[in-house]
Amino acid sequence: METQFVSGMIDEWCRRLYDWEIEEVRAMQTIIDQNGPKRELQSGLMWNNKEMASYPTNGIFSTLYESLTPPIPKSIASVVWQKYIPPRAQLTVWLAYKEKLKTGDFLVEKGIISPQNAGCPFCRTELETNSHILFTCRFAWSTWMEMLKWWNLAAPLHKSFSDFSLQWLGLISERKYKDIWLLSLGCVIWSLWYERNKIKFENKIVSLENFVMSLKLRIGTWAKEMMGYSGCAPNVIFNADSFILRP
Ligand SMILES: [Zn+2]
């Protein structure tokens, strides 16, 4: 029965799964099997802390948070679990934090591609890794610099997700701009990965100028859709003074 179910799950994917993906599906199935509903048990909501008399949201959050292995440092949890970006971007940011984006180095390690095909699609010179494609590649680095320039900021940037995120959060002190600043971080990460895939799978060539322009447009669109940010219609996004930049 279990084998059939796993087989069914594998067959239902849009494409044929790689062997390592089949292993992950099997692992997920094992977890599901171990935590399935049991007729002899009564349904209900439980949490470990018996001292909670009422519904303590913070207490439940802390309990769940501490049960994560390994836990995400609270200092960057707001980056990894940010709420003002679409789910597809949330997933990409989470994978970036875990360094689980399926970059060239990962695919070589799994024997899916040869090292000759594991280069960065942007610069075509370096091995594609999570930190390279998002931070240290000259295309990615230039993109972040353009973002800083957009906000009249300047700073040397770190190369790892956690250090970079902490630094990014500290660059803006005004409370009213915190959410849009955080959204910008998520939007850049997702957009770099999205653009990388378009180059990789559609042979699309992108210029930094056009990419940054589309990125600003996307930040404005997401801010409007996800945050209800007023005055950020796409047609005014490039008028920085009237849009999201500081007066
Ligand atoms: Zn590169």
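Where a number appears in this text, it was derived from the coordinates with a stated rule and is not lab data. Only a predicted model underlies this, so the values are computations on that prediction, with no experimental measurement involved. FYI the Cβ positions are ideal-geometry reconstructions off the backbone, even for glycines, and counts take in every protein chain you see.
Numbers for the structure displayed
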item: Residues 207, 184, sorted so that the one with the fewest Cβ neighbours within 10 Å comes first; result: 207, 184
item: 26 Å Cα-Cα reach of residue 38 towards lysines, excluding residues that sit fewer than 8 places from it in its own chain; result: 50
item: Proxy reagent accessibility, fewest Cβ within 10 Å first, across 148, 41; result: 41, 148
item: Ascending count of other beta-carbon atoms within 10 Å, so fewest first, for 20, 168, 13, 151; result: 13, 20, 151, 168
item: Partners for residue 178 among lysines (Cα-Cα distance below 25 Å; same-chain residues under 8 apart left out); result: 74, 83, 98, 149, 159, 216, 224
